[in-house]
Each structure stands twice: as C-alpha cells, then as structure tokens.
Amino acid sequence: MCLAIPGKIVEIVDEEQQLAKVDIGGVRRNVNIGLLDRKELALGDYVLIHVGFAMSKVDEKEAEATLQLLRELGEMQAEMEALSLSD
C-alpha cells in the first residue's frame, strides 16, 4: 500500500535542484518539487508527498482533513497496542 502525506511548503531551499522545505504536522523535511509545475506553486501551498517527492498540489481543507485522519489513526493504533499489553 502506498501512502501520500500532505505537507505545507514553507521555503524554497534550492531552486536549481527543485527542493522545497515542507512542514508535515510540525516536522520539516526537504522534498523534491520537480514533478510539479513550479509556476503554480507558492509558499503556503499544500502538496501530497510520497517517498520524498511532491506528487500533486491539494487544497488546504483537503490537506488538513487528511492530516486529522492520520492523527486519529495513530491515536487509535496506540490505544490498541496499550489494550493488547494490559490484562
């Protein structure tokens, strides 16, 4: 299964290498934006990221909803693990 995670472009790190710094839930990573039309990207835009590449641009509302769902799944997994350890 492949999963793309939304992140917000906060900085263009290297224009020539097509790298941008993207914030994903408070964690910042460099991501390659070379697959996207650079003329259509701006600081503050959200992109879907898969294995270090921005695959597509998404709107903020969709990105926030996806991030919220991922947080909820993480919390549910932690609760399930805690239940499995208890007697």
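Summary table below
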item: Evaluation of Cys2 against (1) over 25 Å from Gly74 (Cβ atoms); (2) not in a strand (DSSP E or B) (one fails), failing number; result: (1)
item: Residues within segment 43-87 that are in a helix (DSSP H, G or I) and either among the acidic types (Asp, Glu) or within 13 Å of Ile9 (Cα to Cα) (or both), tallied; result: 8
item: Considering residues of segment 58-87 that are within 15 Å of the chain's Cα centre (by Cα) and charged (D, E, K, R) only, the residue surrounded by the fewest Cβ atoms within 10 Å (Cβ to Cβ); result: Lys61
item: Test: residue in segment 32-42 that is assigned to a loop (DSSP other than H, G, I, E, B), among the hydrophobic types (A, V, I, L, M, F, W, C), in contact with a Phe, Trp or Tyr (Cβ under 7 Å, 6 or more places away or on another chain) and at pLDDT 95 or above; result: yes
item: Test: residue in segment 19-26 that is out of contact with any strand residue (DSSP E or B) (no Cβ under 9 Å at 6 or more places or on another chain) and within 22 Å of Ala65 (Cα to Cα); result: yes
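The values are calculated or read from the model by the stated rules, or taken from the named source; none is laboratory data. Predicted, not measured: the structure shown is a model, and the values here were computed from it. For neighbour counting, all protein chains shown are included, and Cβ atoms are generated from backbone atoms with ideal geometry for every residue, glycine included.
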